[in-house]
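In what follows, a single structure is set out as structure tokens and then discussed.
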Amino acid sequence: AMTGQDAVNVAETFNKRLDVTGVILTKLDGDTRGGACLSIKAVTGKPIKFIGVGEKLTDLEPFYPDRMASRILGMGDVLSLIEKAQEAVTEEQAKKMEKKLRDASFTLEDYLEQFESLKKMGGIASVMGMMPGMGKLKIKESDFDEKKVERIKAIILSMTPREREKPEIINSSRKKRIAAGSGTSVQDINQLLKQFDQTKIMMKQVRNGKKLPFMR
């Protein structure tokens, strides 16, 4: 998906030599569009059977032409997004999170769970690429530093259960301890806490039915 015309040439050559019965388009986790599939189908005349959305064998998914067309046109892929969400989050977890959002009791422990769920869904770039309207932003995997996510997780895991529940108690001495335990800096701790506060504000706005700036 990421090599463009080269992918088309590879598919054409394999088809001429071996007369393949179908194609697997890989690296869709690193490319939000996958427009190469149109050229591959036109050149080889063979169907796209599967798409690869990760590095593991379990990351192969059936190819759905209508969903891919939506992605190419920048309309997102809501059905795939829903399926991935159902695989990553149980109904019980979803209800629990819904209640926390209603009660405004979202904690850093929940924040950590959300990162884990995103990872199960293929990562932030993959999820964003399936959201309607995001295709216009031309988001790529390289735009998201997964190392930052791992750093955030390390920081939260270095906190005590009470600190995760009530981050407002994290003073300067606690920040130093957390930074030492997670191999980060106090500045990283401050940045995370600020980001967490912004997330809570955003969730409160959504709960109250307000439109966020990027949703206009």
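The values are calculated or read from the model by the stated rules, or taken from the named source; none is laboratory data. Owing to the predicted nature of the structure, the values given are computational and were not obtained by experimental measurement. Backbone-built Cβ (ideal geometry, glycine too); neighbour counts: all protein chains shown. Just so you know, the surface numbers come from the protein's heavy atoms only, side chains and all, with ligands and any DNA or RNA stripped out. Shrake-Rupley method; radii C 1.70, N 1.55, O 1.52, S 1.80 Å.
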Practice task
Identify, by number, the condition in (1) at pLDDT below 90; (2) not in a helix (DSSP H, G or I) that Met159 doesn't meet.
Solution key: (1)
Handout entry: Cβ pairs under 8 Å, 6+ apart, first in the range 179-204 and hydroxyl-bearing (Ser, Thr, Tyr), second outside any helix (DSSP H, G or I)
Key = Ser182/Ser158; Thr199/Phe106
Practice task
Would you mind telling me which numbered condition in (1) modelled with pLDDT of 90 or more; (2) part of a loop (DSSP other than H, G, I, E, B); (3) open to solvent by 40 Å² or more (accessible area, probe 1.4 Å) Lys211 fails?
Solution key: (1)
Exercise for the section: Of all residues in the range 27-46, count the ones that are under 30 Å from the mean Cα position of the chain (by Cα) and either assigned to a helix (DSSP H, G or I) or modelled with pLDDT of 85 or more (or both). Expected result: 9
Fill in the blank from the handout: Scanning the range 7-26 for residues that are open to solvent by 90 Å² or more (accessible area, probe 1.4 Å) and assigned to a helix (DSSP H, G or I) gives Phe14, Lys16, Arg17, Leu18
Handout entry: Any pair with Cβ under 7 angstrom, 6 or more apart, that starts in the range 48-64 at a residue that is assigned to a loop (DSSP other than H, G, I, E, B) and surrounded by 17 or more Cβ atoms within 10 Å (Cβ to Cβ) and ends at one that is of a type in the set (D, E, K, R) and modelled with pLDDT under 80
Key = Val53/Asp29; Gly54/Asp29
